[in-house]
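Everything on this sheet refers to the single structure shown next.
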């Protein structure tokens with residue numbers, strides 16, 4: 001049977017916060033798919049900071065911006081000469097996206113430049129289907145490419161960013177033009193339904209992400225840890241609610257709780273968070289570990305007694321799945337698609353977003369009740385094994401590709 005060939009387009013590949021894309025691609029290849037990747041931007045780290053798998057991926061990835069002016073010039077001249085009508089149609093479409101906003105028109109022109117480069121890369125490598133993760137800028141490039149070249153395209157929708165500015169991200173036109181769309185949660189699908197007529201709803205496929213339970217194995221359970229270790233893995237950005245977690249932990253420390261919070265991740269909020277920790281004299285209790293590769297993240301998971309994510313908005317966080325499959329009890333907020341993964345009091349704890357009091361109470365409850373920690377941790381692993389296992393869910397995605405592309 002001939003292998004299905006798919007070109008993947010990503011805004012940045014590899015990227016430390018999107019390792020699930022790398023896992024998906026490598027698993028699809030093991031399932032017999034021929035996948036090549038194009039990335040708009042270079043990797044987010046230098047070669048020496050990439051993992052071995054990421055370095056392998058980088059060698060085979062086409063980087064649009066690195067192709068430079070010469071690469072763009074060649075792609076555009078070739079396209080204009082060989083298919084002038086479709087070239088001009090694509091240019092007109094890209095500029096119309098901006099309507100009467102000069103900045104958007106300018107961005108549309110830049111996306112057009114990248115779209116032509118992607119289309120010619122696909123032509124050279126004989127790909128006819130383009131799949132894109134996230135419905136934002138890279139998907140806009142794919143949308144324009146479809147106006148110029150005889151290709152199909154599909155998108156994996158994560159949320160929540162796409163849903164907060166649907167006009168800027170041209171989400172409705174993408175829904176109408178895409179051949180199909182993969183939704184990582186029912187919540188994500190519901191948002192696409194809200195933005196489109198029922199006649200296109202059959203385009204929306206549920207395709208959950210997953211983690212490898214052989215890589216993320218249960219860590220040793222600690223009955224009476226001292227200090228009690230709290231772990232938070234994620235970008236240090238406003239949407240993650242890191243200041244809420246800091247305030248909750250500060251409140252518990254003031255009550256005499258012996259605990260330690262580790263933030264694993266980096267971002268624009270880091271300096272302000274560190275300043276707040278210093279101001280409160282909590283530098284021995286709250287630590288900032290920075291961004292950490294997958295080959296080091298297990299060390300932090302293994303020492304954690306509870307995992308906390310105080311986000312204001314999310315898609316369906318893979319870090320929760322990683323913690324759960326390692327039997328680390330998780331506390332997070334009752335938002336977007338998260339309740340599809342975590343059932344309150346059964347396989348995790350859900351609290352209202354923005355509530356310092358509720359978050360502090362949930363952490364205190366798990367500190368005081370080791371049996372509950374153990375029960376929730378074990379239930380969390382079972383949930384992931386049943387519904388969010390990487391191999392099974394990638395096979396599900398493979399079936400979606402086969403049904404639409406065979």
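The values are calculated or read from the model by the stated rules, or taken from the named source; none is laboratory data. Bear in mind that the values here come from a model prediction, so they are computed numbers and not experimental data. Cβ sites come from the backbone with ideal geometry, for glycine too, and all protein chains shown count toward neighbours.
Data table
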quantity: Exclusive hit being in contact with a helix residue (DSSP H, G or I) (Cβ under 9 Å, 6 or more places away or on another chain), surrounded by fewer than 23 Cβ atoms within 10 Å (Cβ to Cβ), farther than 23 Å from residue 295 by Cα and without any contact (Cβ under 8 Å) to a residue 40 or more places away in the chain, set 228, 243; calculated: 243
quantity: Conditions (1) under 23 Å from residue 243 (Cβ atoms); (2) under 14 Å from the mean Cα position of the chain (by Cα); (3) not in a loop (DSSP other than H, G, I, E, B); number of the one not met by residue 322; calculated: (1)
quantity: Residue 166 out of contact with any strand residue (DSSP E or B) (no Cβ under 8 Å at 6 or more places or on another chain) and either over 26 Å from residue 119 (Cα atoms) or assigned to a helix (DSSP H, G or I) (or both); calculated: no
quantity: Selected residue (only one of 359, 366, 350 is touching a strand residue (DSSP E or B) at 6+ places or on another chain (Cβ under 6 Å), surrounded by 15 or more Cβ atoms within 10 Å (Cβ to Cβ), assigned by TED's automatic domain parsing to the domain that holds residue 240 and not in a helix (DSSP H, G or I)); calculated: 350
quantity: Test: residue in the range 187-199 that is touching a residue at least 60 places away in the same chain (Cβ under 8 Å) and either outside the structural domain of residue 308 (by TED's automatic domain parsing) or over 26 Å from residue 322 (Cα atoms) (or both); calculated: yes
quantity: Yes/no for residue 21 being under 17 Å from the mean Cα position of the chain (by Cα), over 21 Å from residue 209 (Cα atoms), not in a loop (DSSP other than H, G, I, E, B) and not assigned by TED's automatic domain parsing to the domain that holds residue 236; calculated: no
quantity: Verdict on residue 205 being more than 19 Å from residue 336 (Cα to Cα) and assigned to a strand (DSSP E or B); calculated: no
quantity: Residue match in the range 63-74 (condition: surrounded by fewer than 16 Cβ atoms within 10 Å (Cβ to Cβ), in a helix (DSSP H, G or I) and either at positive phi or in contact (Cβ under 8 Å) with a residue 60 or more places away in the chain (or both)); calculated: yes
quantity: Count - residues of the range 213-262 that are within 26 Å of the chain's Cα centre (by Cα) and either under 19 Å from residue 372 (Cα atoms) or in a loop (DSSP other than H, G, I, E, B) (or both); calculated: 15
quantity: Residue list for the range 133-162, restricted to those being over 17 Å from residue 89 (Cβ atoms) and buried (at least 22 other Cβ atoms within 10 Å of the Cβ); calculated: 133, 135, 138, 139, 154, 155, 156, 157, 158, 159, 162
quantity: Counted residues, the range 260-293 - those being surrounded by 17 or more Cβ atoms within 10 Å (Cβ to Cβ), out of contact with any strand residue (DSSP E or B) (no Cβ under 8 Å at 6 or more places or on another chain) and over 17 Å from residue 237 (Cβ atoms); calculated: 1
quantity: Residue within the range 149-160 that is outside the structural domain of residue 321 (by TED's automatic domain parsing), farther than 27 Å from residue 72 by Cβ, touching a helix residue (DSSP H, G or I) at 6+ places or on another chain (Cβ under 7 Å) and in a helix (DSSP H, G or I) present; calculated: no
quantity: For residue 310: the one exception among (1) out of contact with any helix residue (DSSP H, G or I) (no Cβ under 6 Å at 6 or more places or on another chain); (2) under 29 Å from residue 189 (Cβ atoms); (3) in contact (Cβ under 8 Å) with a residue 12 or more places away in the chain; calculated: (1)
